[in-house]
Structures are given as structure tokens and as C-alpha cells.
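Chemist: Encoded as C-alpha cells, here's the structure I'll be asking about.
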Amino acid sequence: SVCSGRGHTDNHEAKKRLGHATVVVVGGTGDLARKYLWQGFFQLYADQVGKGHTFSFYGGGLSPTEKGTPLLFGILKELACPPELSAERCTLVKDQFLHLSKYHQLKTTEDYEKLSQQIKQQLGQEGMVEAGRLFYLSVPAFAFADIAEKINKTCRPPSDAWLRVVLEKPFGHDLYSAQALYKKLSDQLKEKEMYRIDHYLGKQVVSKILPFRKENKKLLDPIWNKHHIERIEIVLKETLDAKGRIQFYDQYGVIRDVLQNHLTEVMTLMLMNLPANLSNSMEILQNKLNFLASLQHVDNSNAVVGQYQAYNGEVQEELNKTKDYFSLTPTFAGVVIHVDNAQYEGIPIFMTSGKALDERVSYARVLFKNDVFCIQDPNNVQCKSKQIIFYLGHGNLQYPAILISKNLFKPELVSSGDWKEVTEYKDVNVLGLPLSDYYIQSPVTPREAYCELISHVFFGRKDSFISAEGLLASWAFWTPLLEGLSRVFPRVYPGGEANGNLLNFQLQGHQVAFSHEAVVNVINPGAKDNFQVMQGKYRSSEMVSAWAQELVERLASDLLLAAEEAIREEGQFHLALSGGSSPVALLRALALNLYTFPWRNTHIWQVDERCVPHTETGSNFRSIHDLLLLHIRIPYFNIHPMPVHLTQRLCVEEDGGPALYEKEINKHVNGSSFHYILLGVGQDGHTASLFQDTKLENDEERLVILTESPIKPHQRMSLTFTAINRARRVGVLIMGKSKHELVSQLSRIKGESSKYPITKVQPKTGTLIWYIDYDALLG
């Protein structure tokens, strides 16, 4: 690829820092160096030659000099001339560049010591002042710490010269490995010396997102919010597969490779608060961190993953795996993200990327709500989509651009001098509109991202690089999703045009699912294909059984019927939910029924609570809040968390938490009889927070008590069997293979058993229904 000259030179900065700069590309004969890095350093040299700096360039590698030298010069001789240089001038500049370049073996500490001696010797012989040393680590991440130590011990310049070390992603595999890598590197290098590169930040359109927002602030401010934005899409589609990169790719997958870094950076630039000063890198960093902190937690329910069909065979071949080996690494992912702040609340951000897709294209799109209704001419520009597109390249358009639909506003030019307005339109459509329906801005001269970023490193501009805090904040957001997906089978897709609609995904509430069922050839149909929802008897009570998803849908449907009945008779519905893992899937299903369920007349109570603050992730109320309450419109007065945290203490008897909750139940619930109580069952047979050794003899009339759990956190608050057995309906939800033994044991017990507290659930006048999925029932 060819880099072209920068729209401006930093001549005044160069004169301030006159001196000799040494550039060392570690991994200087590798693929990245061959494709991008040497072209970038040649461009830097061509830009700066004759402006006060002198240079020397070293390509470092593990190979000995006699093997590495011809490899390096084979790369350098192929470098393309920057378009702003005449052929004659380019020949001269290129000859000088080759003359200043040298291969150096960099394997041992002694090799780095020799390099340092060589630099000092050259500076001394030619009487030059040292400006600084730039090390570009184009090597696998596992080598970073070792090389950083060698640089620190042997290759530091004098204290009045700068040291800059460029690091290529991946910067870790998850939050914990990123923290460990940061610790190792920071033992050797200062944060100001580290330049973590994300080449997306060097793309011309990405680098202009903040300036575009700033230039058009008056026009954007009224519409850059939830009242006007319908959705945001951030997309990177590739036609290439991962063949030849499997060694790396199978450890990382598409989310780590693209979403966690490139696409997260684009999202952040689009939605972070605008800094008052675009050249203040500290303010930009703080605004980025504030935005990342406002993102809502994502888990498996917010993502879909796929894997192209040939991938597993490529893994078996390149990693020498047997034919029965299956990789779960996704090559496609679709994630929907929400922001938890007043400005963007409720706007879905669709983020997606994949390999072996139908086209190569990358863009970020803001689609606005269109409140115009067209009676006659639907092709009128006012009736069409309103959108702003940051188009990064390829696809129909083939060049980087910012496109603003003409029914939105006429924008200010993002940067005079190096950007232009496009007025000649090709006969193509971009995301549903012909080019003539857009105002289009594009760079005067396309520039390669690495050329831009190499120049920024040389001039010490850190705002185009990833900070330690930003990196760790991004990993903190993505790691829980990655952990959850590590056991999920990705949907297999054929690749290319043949994918059809197989990878389309859609939003259901805040959850995400593929829009179309995958066609799977089942050779041996199992029980799963032969059962739908089945009803029967279990422990002399009604039982509903189905596979997990159908079971949860049936339970949600039964709750809706119970709610409608209660509201018809009494005007309100009192629902008590237990903690633990059992109700999680149900809470998600209920959140999807936000329009049909009568939340306005529903009161939500807790069956039990752990004695931790409600804000902590271990709290049952926090789970109800995050999975359900955030997504529904329910009056604040209808939410009744258990008072475990009083007078800045947790579950202290003298604070009277149980009596307070009992008083609240008596005040709101007719005859203290809940309309519906939903229970789960632990593997030891406990329900709510009522355990085998919970003493209830003296508490027969109490509705709420403090209990002790055998596992941490030990202290709990719970409804008693007295309260549970007064309910009109009690549902017991049991799911998963791990509960199969318990279900079998309980089926053999007649009546009550002190060993299994769940057997004491026997509603006096109400109904008990068991909801048991096939995994728990059949094992």
C-alpha cells in the first residue's frame, strides 16, 4: 500500500526537537512490517528529510545477519513512492533511506547491548545530538515483556532524549491477562513511553469523528439523543477467512480480534461527551472512560455467534488436531449494547463483525427516527431514511467518507485543506439511499492508517493510541460476555453469498437472537424432538414439563394469566420472586413481555435475600433489578426489596428488618396471601432461604425471618413456610441436569421430610405447580 504525504507538516515541532532519531522495528521482516510498517517509516523519512532530523533505521529479527539482511532489503526495495514526490526525487530519497537502513539480529540481551553500542558509536562518530529512540514491537504479545525488559536494561537513550515503544494488539486475552501484561510492562517502561496501537484510530474517517461532531455541534446537539436516534450500527465485514492465521485466531476469535478494540473505539468516539478541547488528550481519555463506565452489562442474551463451515477443518489441519476435535471459537459475532445514561438510554447499538461474509465493508451508521408521513411520493427525499454514516472504506463506495442524508442537515466541512466535498456521484446506493441523496465529505488524498500513526508516534501525539485505563475499561466490559460465550456452540454458516439470511439477528427487548432458525440435519432424533410441553403429576401436585426455553415461556404465560385474573378481581397482582439461578431465564422472558404484562398494577416482592447491599452483584434484588426492573415500566411504589441494610448494618436482629417487611406485607397484601410465589430449589433441597437446619418452631406465625445458609454469604432474610403456604399459587421452577438426582429423590418421598425443606411447601388453600425441564426430569 502507498502512503501519501500528510496534509500539513509539523515543521515547527521538528525544529524544536532537532537531533538524531533511531527507529528499530523488532520483527522487521515479518508480514505486518512488509505490508505496512516500512512503507510508514519510508513516508515519515520522506516527510522529514531536510527538516532538521537525521535518522537511522534498523530491522530487527531472530535470524542471523546473513539470513535477515537479504530479507529486509527485499522488502525495502519494493517500497512504493509517495505520490507527492516526483520519480527523480523519489529515487534519491529511497536510495538515502536504504543507505540509512540495516538489519540487526535481536534475540538475546547481548544483541540488544550491541545495538545500543552501535547507536552510541554512530552518534559519537558523527557528532550528533540524540533526539530519541523509537522501538516498534511487531511481534506476538507473549514476547512484549521480555523485549521491554531488554530495551529497559540495555537500550535506553540519555535522559534528555525520548524513548517510545509501540505495541501491536492483542493487549491481553481478557481483563486478567491484560492487567498482568500491564503490570509486567509498567515494571520496565513508563506509561508515557508506551504507544499501544489500534490502526483503526489512524483511519482518516475515524480520526475525524470528533472533529465532525465538534464542527457540527449546533446542528447535532438537538438530535444526538434517544428522542431522535433510532439505532446505531457499527459494522466490519470481511470476505477473507482465517486460513494461515489459525494459530493466533483460534485463541482469540472475532470479539477479541475486532469488537473489543476497533469497533469499541469507534463507538466511544461517536457517543462519548465532546471534549471542550480536541487537542487535550487527558480530557479525551477521561470522557472515554466515563462513556465506557456507562455501558450496560452484556452477557450471552445480548449476543449471537457463528463460525464459517470450513473453519473447524482448518483448525484440525493447522493445529494438528484429530478429526473429532471441535473448536468453539466464533468467526462471526453480533452484539447489541445499551448505554445507561439519560442521553442514549434505550438506543440499541448493533455491533457486528465476521469472516467469510458476502462483502468487504466497514462503517458506523447513526439511523434517525423519521417523523414525516408521506401521502403521495415515497421517493421524496424527506420520506427517506435520515442517517449519518462514517464510511471507512470498501463496499459499494470504495473510498472513505462521511455521508449525511440531505433530509437531515447540510454539514460544515470537517477539515478544510485535506478534506473535500464530493459533488460527482457514482450510480451506487449506500445503505438504502443513492449517493445523490447525501452530502458527502472525503479526504483529498487517501492515506494509510499506519503512516498516520507512525507520524503521531514520532511527534509524541498520544491521543491516537490506547491508554492503559482505556484498555482495562474495555476488557472489563467485554470479559463477562467472553466468559459466558466460551461454552456456547456457534452457528455454522457456509461462507460468502451462500450465508443468505442465516446470520441475520434481531432485538427482542434487550435480548438478541438469530432471526431465522438454522437448518440442521438430525441423524438420531432424541427426546428433544419428541416432546413439547407435557403436563402430569409430581408429588401429588400439578407438573408442567418441557425443554428449558418452552418451559420458561409456559411459566411466563401462566404468570400473565394469574396477573390478569388477580387484577380483574382485586385491582392488583402481588408477585414474590426468589433468588438464585432458577428465575434468571424467567426474569428475561418477563422483560420481553414489557408491553403485554400489566406491570402498572403489579407489585414485586422478594421471597429471600442475601445479607449484602442491594447494589452488590450477589444481591437477589440486584439480579431482579438488572434483569427485569431496568426494562419495564413499573411504578416505583410497587417495588418491595427486603430491608437487609438498615442503619448502615446488614441483617442485625435489633434493627427489626423482618418485622418491617412483615408490616409492609400486611399493609399491601390482602390477608398476607400473595397471588403468586415463585420458588427455586437448591441441590440440597432448600427453597427460598429455608435450609435443612433452619429453626422455625417458635416462628410459626411469623411471615419473615433471618436465617443462616451453609454457604456464603451465610446470613439471609426469607419468607417463612407460613407466608409461602398462604399464597394463592406457588410455582416451583427446577432446571438443569444437575437437579436430576434431586428430582428423583423428591419423587420417592411421601409428605414432609426434614432433610428436604421444599417438601414443607404445601399451600393451605392455594395451588402448587411444579415446572421441571426435561434435563432435570430425564437426566
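The values are calculated or read from the model by the stated rules, or taken from the named source; none is laboratory data. All of these numbers come straight from a predicted model, not from anything done at the bench. With ideal geometry, Cβ positions are generated from the backbone for all residues, glycine too; neighbour counts draw on all protein chains shown. Quick note on the areas: whole protein, heavy atoms, side chains included, nothing else; ligands and nucleic acids left out. Shrake-Rupley method; radii C 1.70, N 1.55, O 1.52, S 1.80 Å.
Chemist: Please work out the C-alpha center-to-center distance from segment 364-392 to segment 102-125 and express it in whole Å.
Modeler: 60 Å
Chemist: At 1.4 Å probe size, with every protein chain present, just tell me what the per residue accessible area of segment 522-661 comes to in Å².
Modeler: Working: 7070 Å² over 140 residues.
About 51 Å² of surface per residue is accessible.
Chemist: Please give the helix 144-154 orientation as an angle from the longest Cα principal axis of the chain, in degrees from 0 to 90, rounded to the nearest 10.
Modeler: 40 degrees
Chemist: At q = 0.09, 0.19, 0.21 Å⁻¹, what is the log10 ratio I(q)/I(0) for segment 391-528, with the Debye formula run over Cα points and no solvent?
Modeler: After summing over all Cα pairs, the log10 values are -0.56, -1.18, -1.20.
Chemist: Let me ask you something else. Take the alpha-carbon centre of segment 559-592, take the same for segment 143-215, and report the distance between them in whole Å.
Modeler: Comparing the Cα centres of segment 559-592 and segment 143-215, I get a distance of 51 Å.
Chemist: OK, next. Hey, what does the equivalent ellipsoid look like for the chain, semi-axes from the Cα gyration tensor as sqrt of 5 times each eigenvalue, largest first, whole Å?
Modeler: Numbers: eigenvalues 680, 185, 134 Å².
For the chain, the ellipsoid semi-axes come out as 58, 30, 26 Å.
Chemist: Round to the nearest 10 and give me the degree value, 0 to 90, for the angle of helix 38-48's Cα axis relative to the longest principal axis of the chain.
Modeler: Roughly 60 degrees between the two axes.
Chemist: Hey, if you put +1 on the Cβ of every Lys and Arg and -1 on every Asp and Glu Cβ in the chain, which of G244, P641, T22 ends up farthest toward the positive end of that dipole?
Modeler: Checking the options against the dipole of the chain, the answer is T22.
Chemist: In debye, nearest 20, what is the charge dipole magnitude of the chain about its Cα centre with +1 on Lys and Arg Cβ and -1 on Asp and Glu Cβ, if you could check?
Modeler: 840 debye
Chemist: If the reach is capped at under 14 angstrom between alpha carbons, list the aspartates and glutamates near K426, excluding any in the same chain fewer than eight residues apart.
Modeler: The reachable aspartates and glutamates, counting only those whose Cα sits under 14 Å from K426, are D437.
Chemist: With a probe of 1.4 Å, find how much accessible area segment 163-315 has per residue, and write the answer as a whole number in Å². Intermediate values should be presented prior to the final figure.
Modeler: On the way: 5990 Å² over 153 residues.
Spelled out: the 1.4 Å probe surface of segment 163-315, per residue, equals 39 Å².
Chemist: Consider just the alpha-carbon atoms of segment 201-514 and return their Rg together with their Dmax, both in angstrom.
Modeler: Here Rg and the maximum Cα pair distance are 20.0, 64 Å.
Chemist: For every helix of n ≥ 4 consecutive DSSP H residues, a contribution of -39,500 (n - 2.57) applies; sum these over the chain, divide by its total residues, and give [θ] at 222 nm rounded to the nearest 500 deg cm²/dmol. Present the calculation step by step, with values, prior to reporting the outcome.
Modeler: Details: 24 runs with 239 residues, N = 779.
Mean residue ellipticity, 222 nm, calculated: -9000 deg cm²/dmol.
Chemist: Here is a further query. Please compute the per residue accessible area over segment 696-758 with all protein chains in place, 1.4 Å probe, rounded to a whole number of Å². Could you put the intermediate results ahead of the total?
Modeler: Details: 3120 Å² over 63 residues.
Heavy-atom accessible area per residue stands at 50 Å².
Chemist: Moving to a separate point now. To the nearest 20 Debye, how big is the dipole of segment 201-514 about its Cα centre, given +1 on the beta carbon of each Lys and Arg and -1 on that of each Asp and Glu?
Modeler: Numbers: 30 positive and 33 negative charges, 76 e Å.
It comes to approximately 360 debye.
Chemist: Still on this model: Restricting the calculation to Cα positions, tell me the Rg (one decimal) and the Dmax (whole number) of segment 235-359 in Å.
Modeler: When restricted to the Cα atoms of segment 235-359, Rg and Dmax are 17.6, 58 Å.
Chemist: Next question, about the same structure. Could you tell me which of rounded, prolate or oblate describes segment 20-168, using a ≥ b ≥ c as the square roots of the eigenvalues of the alpha-carbon gyration tensor, with rounded for a/c under 1.5 and, failing that, prolate when a/b is larger than b/c and oblate otherwise? Please report the intermediate quantities before stating the final value.
Modeler: Values: a/c = 1.74, a/b = 1.25, b/c = 1.39.
Oblate, since a/c reaches 1.5 and b/c is not below a/b.
Chemist: Ranking request for peptides 683-690, 127-134: highest mean number of other beta-carbon atoms within 10 Å first, then the rest in descending order.
Modeler: 683-690, 127-134
Chemist: Take the solvent-accessible surface of the protein heavy atoms, probe 1.4 Å, and return the percent of it on the chain that carbon and sulfur atoms account for.
Modeler: Values: 17750 of 35400 Å².
Its accessible area is 50 percent carbon and sulfur atoms.
Chemist: Follow-up. List the extent of the Cα atoms of segment 671-779 along each of their three principal axes, largest first, rounded to whole Å.
Modeler: 38, 32, 23
Chemist: What is the dipole size for segment 626-695, taken about its Cα centre, with +1 at each Lys and Arg Cβ and -1 at each Asp and Glu Cβ, in debye to the nearest 20? Walk me through the intermediate numbers first.
Modeler: Details: 5 positive and 8 negative charges, 62 e Å.
For segment 626-695, the charge dipole is close to 300 debye.
Chemist: Among the listed pairs K77/K107; K321/K737; K384/K410; K217/K410; K214/K410, give every one whose C-alpha distance is greater than 19 Å.
Modeler: The answer is K77/K107; K321/K737.
Chemist: A further question on this structure: Relative to the first principal axis of the alpha-carbon coordinates of the chain, what is the inclination of helix 65-76, with its axis defined by its Cα atoms, in degrees from 0 to 90 and to the nearest 10?
Modeler: Approximately 90 degrees, to the nearest 10.
Chemist: Obtain the nm distance between the two label points defined at M534 and D427 by a simple spin-label model: each point lies 7 Å from its Cα along the Cα-to-C-beta direction.
Modeler: Taking the two extended label points, one gets 6.3 nm.
Chemist: Which of the listed residues, S416, Q204, I284, is farthest toward the dipole's positive end in segment 201-514, when Lys, Arg count +1 and Asp, Glu count -1 at the beta-carbon?
Modeler: Result: S416, furthest along the dipole toward the positive end.
Chemist: Can you flag which of K537/K712; K192/K218; K184/K462; K386/K462; K208/K288 are past 26 Å Cα-Cα? Spell out each step's value before the answer.
Modeler: Numbers: K537/K712 35 Å; K192/K218 35 Å; K184/K462 21 Å; K386/K462 35 Å; K208/K288 16 Å.
Violating the 26 Å limit, Cα to Cα: K537/K712; K192/K218; K386/K462.
Chemist: K663 label point, 7 Å along Cα→Cβ, cut-off 13 Å on backbone N: hits in segment 629-650?
Modeler: Zone members listed by number: 643.
Chemist: Dipole of the chain (Lys/Arg Cβ +1, Asp/Glu Cβ -1, origin at the Cα centre): which of S582, A310, I402 lies farthest to the positive side?
Modeler: In the chain, that residue is I402.
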